[in-house]
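Read through the structure below, which is laid out as structure tokens, and then see the notes.
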Amino acid sequence: MKRILAPTIIALIVFSISACQKPIENHFITDDAYRAQVESDFEARKQLASGRSEELFSVIDENLSTEEREALEFLYAYMPYSDLADYNGDFFLKQVQYAFKARDFFAWGKSVPEDIFRHFVLVYRVNNENLDTARMFIFNDIKDRIKDLSMYDAALEVNHWCHEKVCYRASDARTSAPLASIRTGFGRCGEESTFTVTALRAVGIPARQCYTPRWAHTDDNHAWVEVWVDGKWYFLGACEPDAKLNMGWFASPSTRCMMVHSNAFGKYKGNEEINHRGELFSKINMLSNYTDTKKITAHVVDEAGHDVADADVQFKLYNYAEYYPIASGKTDKNGNASLTTGFGDLLVWASKDGIYDYAKIDVRKTNIITLTLDRKAGNEYEEDFDIIPPTGKPVKTNVTPDEADKNNKRLATEDSIRNAYLKTFPSDDDIAKITNENLTAEQISGIIKKSEGNYKEIISFLNAHSEKNENLFLYDFMKSLSDKDLRDIEAETLNQHIVEYDNKFPTDVFAKGILPARIEMEMIRPWRQFLREKINGIFGTSPSYSDILEWTKTNIPTDKEGNYFNCPISPRGVFELRHADSRSRDIFFVAACRSVNIPAYLDNATRQIFVYENDNWNIVSLDEEKPAAKTGKLVIKYNGNKDLKPQYWTHYTLAKFENGDFTTFDYENDPRVAEFPITLDLEEGYYMLSTGNRYNDGEVLSHLEFFNIKQDETTIRKIKIRPLEDRPNGFYGFISDDTQIEVNGKILNIVDMAKDSPLVLCFIDPNREPTKHVLKELEEMRKLYEKLNINIMMIIPQEKLTESFSAAKWNLPKQTIVASDNNGLLEKILSDTKQKYDDNPPLIFIIDKNGKIFFRSEGYRIGTANRILSCCFKNHEYFKVKAV
């Protein structure tokens, strides 16, 4: 009996002991060496962020599972400064918990490899957007809609859901948060892709944002999405659903790219080529997914021919009238730096210790270029380059007509869902009921309409300040906000920033240097009261700007990589974290001055900081090595056609030499460059004026001019734009005299429409971004098109001609006619002229009075409206007579 009971008692004891112990939990990071590295990096990050230790790290306690703790430590170890500074631990813990929740809820969650999940599902940030709770909202909203689908079909369905919420519309460079995009109903490509990547990650599908930092064949850039499905990366157009993956209007233009890249959070060990591998992130080169590539090498030597190690090398592409770095790196011990790129032209720039060299490389012909560091600032000369982009290659899709038709019908339904939501915004009658004694009815209407889906917050703020107050400067305050601010700012934040005029400074100084809540391109957050208390606590109640300047230099160290997503840190965040990038530090300094009633502003074109003292705006610098500013004047003249005057970023840019390279000023929409002659007050130094003229095939005639600006002297330069030569391919056949189209029950003859003025015939898809770019350009140039009376006809496929599209809604030139192609007009023109078309809208022809097509543009082309005008002036007798 004892022999029987003894084993039973032992078993009970063992069971009781094991029941009291926690079960062994799975590691989130199973690689021991990688996990140890993350833990080490996390501890270093904790030390760096010790000023916000309680806000960030108090969530890490014994209640977390092993997976949650390791995932949270991974995020903390590699997140940019902006996230350490402006968000709290509860936010990041929720992100971790919902990432695991999606993994466990969906069948495909178990198929995602650990490293892919870690870098492309768990990570909460996509680009430089304001962070929000979109992951949680999206998971709960869409989970039942897709739970029974395959991973492939779920990815497509998420994009359809995204299209129901958001469509394309151009906006400024600040990236809205996903929920702000939903609230507004639109976003630019960077916002659409940020939103879509967030949505895919919210349901456990790995996704990443892809960027071509600059197109080679046209100005501008583009962002789209890559999604990991069943072991393979596919691409898709964000908020632009197609019938299958690996489709999008950008598929053809992407074959002409010189770079496509993406940021990978943390220490990434994927198979892709890495352009840059830092301590916190990697920049992945994905160009080979889209086109043919070639590895090129820049070999850097000194004047004696010796290899130069650790030189800065930038691979630059012409775009927006500047040479933009699509990739950069350092030379190795042999003086080499390499890049895998496309088959086009680049300008390769190398520098070290202020000495530099540059040269064009034709990747079609060679894979190596040697640069000799022998150039120094100060030499005045001019130089021309002909820049030729890659030719691209055909793109095939395997979608049947039935699949395409089904998808188009879904798009129309999704448009109707979104448009129904947009109709809930305040009507004119609703707005007319809002009164404010500090604003006119017209001002109130303009503000509310610009706020779009954020109207409740803006109305709340206006109502809180509706009583007459002459010192409130309410309209000036609202004008200082961007349109995007009105669409995503909270009333509470605006209330924190409102200040009354106290007669201490002239009203224009107050309005420029104290009143605005915005300083640069940052997300506006509450900082005024917080900084006032902190600055006064440090210096007393009357600090000077020099006190704040020296404190900032001493207490806010900066580096170039810590805030690698380039999302500006809030002024409060900079103060608490005590680490920043130079851009965020500059914003902080201006904010600190304003908080204690010292007028200050940041010139967004030149990046100079101005502080008002002794009745003058004075330039100050936070860079220790930079001496006090000495200024001179630059006058830029233009003597060409006044109707086609050059525009900044389209035809010319201005850059200043700093640390071995030229930094381009951002004068976009700046009144200082609105009219020629342009007069600018600039720091003494070495400058470059860059101009360019682009052929319709994408080739650019580039001109560079290098010159000096000296203290108290005036330098005069003329804009020199190299003329485009006539080319034999500038003729695309004749339209037959019997070519007609029906518009509103009336038959119009196409050739007759071009008798007195050229006819611009546009075959468009109003749902796609390339078409919307052209429509936006025509809206911006409306007055000139009306003045010249250029006929425009927008022709839309019958199934895509909806009530939501009209010439009036887009504010197109008044002579614009909108029609549907229900009688085969496009097919007839292509047949008569023996042209091919790859269904890549917009397809644009210009036709003269004889039916001759003397211009053709297909697909994505920035600046098309301007090129149409240039072509008309050059080819059409009507304008030649008129010009005389």
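Observations
- Judged by the mean number of other Cβ atoms found within 10 Å, the most tightly packed of the peptides 444-456, 405-417 leads the ranking 444-456, 405-417.
- Normalised alpha carbon radius of gyration of the stretch 736-884 [divisor 2.2 N^0.38 Å]: 0.97
- Estimated distance in nm for a label pair at A36 and Y381, the labels positioned 7 Å out from Cα along Cα-to-Cβ: 5.5
- Listed pairs K295/K365; K316/K836; K456/K484 exceeding 24 Å between Cα atoms: K316/K836
- Alpha-carbon radius of gyration plus Dmax, which is the widest Cα pair, for the stretch 95-163 in Å: 12.1, 33
- Percentage, to the nearest whole number, of Cα pairs in the stretch 432-472 over 17 Å apart: 23
- The amide H of S806, built 1.01 Å from its N in the peptide plane, has no neighbour under 5 Å, considering only residues 5 or more places off or on other chains.
- Scattering curve values for the stretch 350-435, log₁₀ I(q)/I(0), Debye with Cα scatterers, q = 0.18, 0.22 Å⁻¹: -1.03, -1.17
- log₁₀ of I(q)/I(0) at q = 0.12, 0.14, 0.20 Å⁻¹ - the stretch 187-329, Debye sum with one point per alpha carbon: -0.55, -0.73, -1.35
- Taking N as the residue count of the stretch 131-171, its C-alpha radius of gyration divided by 2.2 N^0.38 Å amounts to 1.30.
- Charge dipole (debye, nearest 20) of the stretch 552-593; +1 at Cβ of Lys and Arg, -1 at Cβ of Asp and Glu: 100
- Dividing the C-alpha radius of gyration of the stretch 19-97 by 2.2 N^0.38 Å, with N its residue count, gives 1.12.
- Estimated FRET transfer efficiency (A432, Q529; beta-carbon r; R0 30 Å; 0.05): 0.30
- Using a Förster distance of 25 Å, the FRET efficiency for K783-I747 (Cβ separation, nearest 0.05): 0.20
- For K852, distant residues with modelled amide H under 5 Å away: I735
- Cα→Cβ-extended label distance, 7 Å offset, between K645 and D332, nm: 5.3
- Accessible area per residue, Å², the chain with all protein chains present, probe 1.4 Å: 44
- Global dimensions of the stretch 139-201 from alpha-carbon coordinates: Rg and Dmax equal 12.0, 39 Å.
- Cβ-Cβ FRET estimate between K633 and K560, R0 fixed at 35 Å, reported to 0.05: 0.60
- Along each principal axis, Cα extent of the stretch 470-535, largest first, Å: 31, 29, 20
- Here the extension length gained between T440 and S65 equals 129.2 nm, from 0.36 nm per residue of separation less the Cα-Cα distance.
- Amide H to amide H, with H built 1.01 Å from N, I862 comes under 5 Å of D219, counting only residues 5 or more places away or on other chains.
- For the stretch 258-411: span of alpha carbons on each principal axis (Å, largest first): 67, 40, 25
- Listed values (1) 1.13; (2) 0.98; (3) 1.08, entry calculated as Rg/Rh (Cα atoms, Kirkwood Rh): (2)
- Peptides 480-488, 783-791, 420-428 ranked from most to least packed, by the mean per-residue count of other Cβ atoms within 10 Å: 480-488, 783-791, 420-428.
The values are calculated or read from the model by the stated rules, or taken from the named source; none is laboratory data. Bear in mind the structure is a predicted one, so any value in this text is a computation, not a measurement. Cβ coordinates were reconstructed from backbone atoms using ideal geometry, including for glycine residues, and neighbour counts include every protein chain displayed. In case anyone asks, the SASA skips ligands and DNA or RNA and just uses the protein heavy atoms, side chains included. Shrake-Rupley method; radii C 1.70, N 1.55, O 1.52, S 1.80 Å.
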